[in-house]
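Remarks on the structure that follows.
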Amino acid sequence: MSVDLTTSLGSLELSAPTATASGCAAAGRELAQFGDVSTLGAVVTKSIMLKARSGRPTPRMAETPRGMLNSIGLQGPGIESFLEKDLSWLTENNVTTIVSIAGNNVAEFGQLARILRDVPGIGGLEVNISCPNVESRGQVFACNPVSAADVIDTVRSEWTSSAPILAKLSPDVTDITEIAGSVINAGADGISMINTLLGMVIDVDKMKPVLGGRTGGLSGPAIRPVAVRAVYQVHAAFPEVPILGMGGIRTGHDALQFIAAGASAVSIGTVVFGDPSSPWRIANELGQELEQRGYSSLREVIGLAHKN
Ligand code: RRO
């Protein structure tokens, strides 16, 4: 293929435009049976916390029209096990790795950044300030410009590495450009968007919510137009700030919408559960979509929908 698909997120150069979306491919290793993980743009790992966590009560998933709800609740092994078992595998296999971190409070985000800053092999940090599956909405830092900035400011002050800090934003806000501006001012190098939307499904025979955690995060094609809109708005407001775009991407055609809206690269999430080789397939399809339209590089198309 003649189209140049290389791209970048700030100082992080990507050899391909598709990354895994946090939470949808664990720490990348389980995809190795479907393709060479080192040829992906990046693996974005499941958000890791300081301590091991068992997550929310079951059921944790519910089907929805053109999407799904998850209520995992930040299940994970904790940072020590992650470094020993997961990051080591990614580094040994030359995988471009963006580590997603999550904390119960601002100080925990800072502690995670301090632990990770000297660890070799980290291409970027995705700061997950937008998990919807927490006990209180007050813990969704990305729903408030001051709380969002507090987290990023603290991470920035601890992060001595040159790898970019990406702030992961929620679409469940009135004006996403306000939150984006706030985290950029606090030191974010780029934006990841969007996290899932808060939703609920009710079982009308049992007359109670289906999910054990009652509410969950909505993902899949149903949210794609919301995600494209959010990327478009943030790119319009901050054209110099790189965006990792995600939300319901299933094909190269879908991915091209995000690039045209202003994303420099995309993350592939929910589709991976049914089609584990989709991050590679979508990169190939994106190349074909660009070629068919006469473009010779992905970079020339970033934000192009703003010019017409
Ligand atoms: O673990 C989860 O329940 C979860 C997280 Br951390 C997130 O950021 N987004 C989501 O939909 N689920």
FRET efficiency, M61 to N284 (Cβ-Cβ, R0 35 Å, nearest 0.05): 0.75
Distant alpha-carbon pairs in the range 174-220 (separation over 13 angstrom), percent: 68
Per residue Cα convex hull volume in Å³ - calculated over the range 250-300: 65
Trypsin sites (Lys or Arg not before Pro) restricted to DSSP loop in the range 271-302 with at most 11 other C-beta within 10 Å: R293
Accessible area per residue in Å² at 1.4 Å probe, computed on the range 2-83: 43
DSSP-assigned coil residues among trypsin sites (Lys or Arg not before Pro) in the range 23-92, each with at most 16 further Cβ atoms within 10 Å: K51, R66
Virtual paramagnetic centre 7 Å along Cα→Cβ of L304, amide N under 18 Å, in the range 248-283: 251-266, 283
Solvent-accessible area, 1.4 Å probe, carbon plus sulfur percent, for the range 41-154: 49
When each of K168/K206; K51/K85; K51/K206 is checked by Cα-Cα distance, pairs over 24 Å: K168/K206; K51/K206
Heavy-atom accessible surface of the range 241-300: percent carbon and sulfur, 1.4 Å: 47
Label point at S297 placed 7 Å out along Cα→Cβ; residues across the range 216-243 whose backbone nitrogen lies under 18 Å: 240-243
Added length on full extension, which subtracts the Cα-Cα distance from 0.36 nm per residue, A26 to A236: 72.4 nm
For the range 118-270: accessible area per residue (Å², 1.4 Å): 36
Candidates D172, D203, D254, ranked by Gaussian network fluctuation over the chain, Cα under 10 Å, top entry: D203
D (Stokes-Einstein, µm²/s), Kirkwood Cα radius, the range 45-174, 1.002 mPa s at 20 °C: 139
Cα pair distances in the range 1-61, grouped into 10 Å bins until the bin that holds the longest one, percent each: 18, 39, 28, 12, 3
For the range 183-250, projected area of the alpha-carbon convex hull averaged over all directions, nm²: 6.2
Per residue Cα convex hull volume in Å³ - calculated over the range 186-308: 138
Translational diffusion coefficient (Stokes-Einstein; Kirkwood radius from C-alpha pairs) of the chain at 20 °C, 1.002 mPa s, in µm²/s: 112
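The values are calculated or read from the model by the stated rules, or taken from the named source; none is laboratory data. This one's a predicted model, so the numbers in the text were calculated from it and none came from an experiment. Don't worry about glycine lacking a Cβ; one is built from the backbone with ideal geometry, like all the others, and counts go over all protein chains shown. Surface areas here come from the heavy atoms of the whole protein model, side chains and all, with no ligands, DNA or RNA. Shrake-Rupley method; radii C 1.70, N 1.55, O 1.52, S 1.80 Å.
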